[in-house]
Each structure stands twice: as C-alpha cells, then as structure tokens.
1. Residues with amide H under 5 Å of Val127's amide H, sequence separation 5 or more or different chain, H placed in the peptide plane at 1.01 Å from N; which?
2. Please find the FRET efficiency linking Arg74 to Leu163, where r is the Cβ-Cβ separation and R0 is fixed at 25 Å, and quote it to the nearest 0.05.
3. Checking the a/c ratio against 1.5 first, then a/b against b/c, what shape does the Cα gyration tensor give for the stretch 56-166?
Amino acid sequence: VLEINYKPIFEIDVFPAIKEKFVQDTFILIWGLNIERVRYELPGRIFHELMPSFIRKMMASFYTRPIAADMLSRLSIQKSSDTIFDPACGSGTILSSAYKIKKELYVLEKKAGNPHKRMAEEEIYGVDIMPFAVHLTSANIAAMDPSITISRTQIIEGDSLGLDEG
C-alpha cells in the first residue's frame, strides 16, 4: 500500500496526511471483516444505495443483482482465458462475477500458477461514465486477490456509446 500510495486515483500524496495509528487500526478492522468470505460485491450495492435517485435516473444507473451477474457469467464464459467486456460496468458486479467464473474454470482446467495479474490487467475490460464507478470497479477487481499487486486495470472512464474499435 505504501508503495502504490493511490496517487493514480487521487492525484495527491495521500499517506503523509494520515497518522500511522489510524492506518494500523483501519487495517485491523478491515482484516477482521474477512472480506474474502463475502459472497457478493458489497461496495457496489452500497454505492448504488447512496447515490441520490435523481442522479441514478439521469445517469440510467441501475445496480445489477449478483445472482443475475452470476447467471450471465456462467452462460457466457466458456474458458478461463475468455476476454470480458462490460460497456456500462458501474461498480463492477458483472466483471467481478466474470472474474470468479474465470477463476473457477482456471482451476477446473488444471492450470498452474495464479492468473490474477493476467486476468485483472489483460482479460477484463470495462467502461463507465462515472469516475467513482471506474475506481470502485478497479478496486473490486484488484481485491479479488489482494496478495498480488497489479499495475493497472482495463477499466476506463468514458461513454461507451462513443468508443471506436480498438
């Protein structure tokens, strides 16, 4: 965490402004939550619920239910190396679900090693018009295996209706 320092997200040097005791206490609290055991992508649900309804309507922002995302992922992903693209990814519910299915298939295919870095950096793509959603999706994908440092994700801010090929 100290190495990355979140500069790409916040564009400021974050850690010098935070007392070390606060970081340690926060880490202990988060570690105690056993987030790796949480079945569904909670930050997205919280993000959606906290967004004022008029903004949700204006942005056509609708939270994808985790069960629907799981069904879609299971129906559309055939092998662990499949590339995934969500043109309106929001907080990343579909992409998080796709990641989990790809990981399951990776194990079933009896492949060696850890695919996290490759999947997060090269095989999962998303676009959203809201900057916070882009950051949240990137965090959700990175959190799929917090023991592995990734350099980037392929989640971008923009209007997917205006994207050109390539």
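Each reported figure results from applying straightforward, stated rules to the coordinates on display, with no laboratory input. Given the structure is predicted, the values throughout are model-derived calculations rather than measurements. Methodologically, a virtual Cβ is constructed for each residue, glycine included, from the backbone with ideal geometry; neighbour enumeration extends over all protein chains shown.
1. Amide H to amide H, under 5 Å and 5 or more residues apart or across chains, Val127 pairs with Asp86, Ala88, Cys89, Ile156.
2. The formula returns an efficiency of 0.40 here.
3. Verdict is prolate for the stretch 56-166.
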